[in-house]
Amino acid sequence: MVTALSIARRLVPAPKMNDMKFVTRGFPVSANEVSRRYEGVSRAVLEGFEYGADIADPDEVARRLEWVDPFYRSLAYEGAIAAMTLRDLLSPRRTGYAENFVRGHGEPHSLMAYVGFGLVMSRVPRFTWQRFLPRFDSNPLVGYLSWLAVDGYAFDRAFFDPQTWIIERRRAPRRRWEGAPEYFPRAFDQGIGRAMSFYHGGDFEAIASTANTFEDDRRGDVWSGVGAAAAYLGGPSHAELEKLIQAAGAYAPDLAVGAVMAVKARDYAGYVPDNTDLAARVVCGGTVAEISALADAAAEPPDEPADMPDYELWRTRIRARFADVTVRQG
């Protein structure tokens, strides 16, 4: 029987696992505990995509995802949501499959949902982007986060073509997105920052050196992506996080903004690994609960219209909290 899912599998095939291995991609990393942790992200996302693409029953998809290691579970949900957005895109009628899944089983992982859509964007025609952009609205904060789709899109592009986006540092063009095409390259650079952390296999000395090769007007957004990866997946020790803050220099508040996003996502999903707790204390200077509350407070509606996307307004409010950030002790 031909279904939207089977069509999606033919028209938009997922990358093969071997194509996602760091050695296959030619990333300049050596195999160690940290690089294997980062490489495990690809396996989890692809596993989730396989479930979302091959299984029509969302209850069964959720049951399979709950077997994934908690460290990677939200990332597997991200992959499943990517597959479900393809089903919606290829359906004769927009079914809202992904949206309904996120409001139900996927709600604890909803802060990663738009990233899942972003992973699909590079594999479908551009005219479909806004037309089929899901509206994830299961909680007040996630409504601010549609720009994470651009972040996810950039991550995918940079992961599979690091020469163009990381080494040559090509600037993303402006694209129509959420009424603010001028912000598109900024959200794209945030995704490049995350991908850079994978390219270097969690070697944050190398990551910092690469981040600081970007032009000044891009560096804050790149550092924000680095902060998100450092807090979500970890790798650096307490001392190495201090060095990372020092390397970020004037962009340390941007590093903290990315870390806040990661801390909130982990906390909301109900699983906070030690590395995220450490990043909350060292990079953000607070407990996980405090940093999570900061993310929520920053999502309060503005008193008057702002001259920036809601997402950037949210980030700006968080950044202000770290205007005088220094190396954290504790």
Choose one answer from Ala53, Ala158, Ala172: the residue with the largest mean-square fluctuation in a GNM of the chain with alpha-carbon springs under 10 Å.
-> Ala172
Taking 0.36 nm per residue of separation between Asn139 and Arg176 and subtracting their Cα-Cα distance, the length gained on full extension comes to 10.8 nm
What aspartates and glutamates could a cross-link reach from Lys264, if we take a straight Cα to Cα line under 13 Å and drop same-chain neighbours fewer than 8 places away?
-> Asp277, Glu290, Asp296
Please get the size of the charge dipole for the chain, origin at its Cα centre, with Cβ charges of +1 on Lys and Arg and -1 on Asp and Glu, quoted in debye to the nearest 20.
-> 1040
Which percent of the accessible area of the chain is formed by carbon and sulfur heavy atoms (probe 1.4 angstrom)?
-> 51
Averaged per residue, what accessible surface does the chain expose to a 1.4 Å probe, in Å²?
-> 42
Dipole axis of the chain (+1 Lys, Arg; -1 Asp, Glu on Cβ), positive-most option in Trp129, Ile291, Ser91 | Ser91
Met261 accessible area, nearest 10 Å², 1.4 Å probe?
-> 30
Can you tell me the FRET efficiency between Arg103 and Tyr271 if r is taken as the Cβ-Cβ distance and R0 is 25 Å, rounded to the nearest 0.05?
-> 0.80
C-alpha center-to-center spacing [the stretch 220-270, the stretch 112-169] in angstrom = 20
Using a ≥ b ≥ c from the Cα gyration tensor of the stretch 113-200 (square roots of the eigenvalues), is it rounded, prolate or oblate, where a/c under 1.5 gives rounded and otherwise the larger of a/b and b/c decides, a/b for prolate?
-> prolate
In nm, to one decimal, how far is the modelled label at Asp161 from the one at Ala320, with both set 7 Å along Cα→Cβ?
-> 3.8
For the chain, longest principal axis from Cα atoms; helix 288-297 axis from its Cα atoms; angle between them, nearest 10 degrees, is 70
Degrees between helix 70-90 axis and first principal axis of the chain (Cα, 0 to 90, nearest 10) | 50
Sites excluded, GluC sites (Glu not before Pro) in DSSP loops with at most 12 other C-beta within 10 Å, longest stretch of the chain = 216-330
For the chain, longest principal axis from Cα atoms; helix 310-321 axis from its Cα atoms; angle between them, nearest 10 degrees, is 30
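The values are calculated or read from the model by the stated rules, or taken from the named source; none is laboratory data. This structure is a prediction, so every number in the text was calculated from the model and none was measured. Note that each Cβ is placed from the backbone with ideal geometry, even for glycine, and that neighbours are counted across all protein chains shown. In case anyone asks, the SASA skips ligands and DNA or RNA and just uses the protein heavy atoms, side chains included. Shrake-Rupley method; radii C 1.70, N 1.55, O 1.52, S 1.80 Å.
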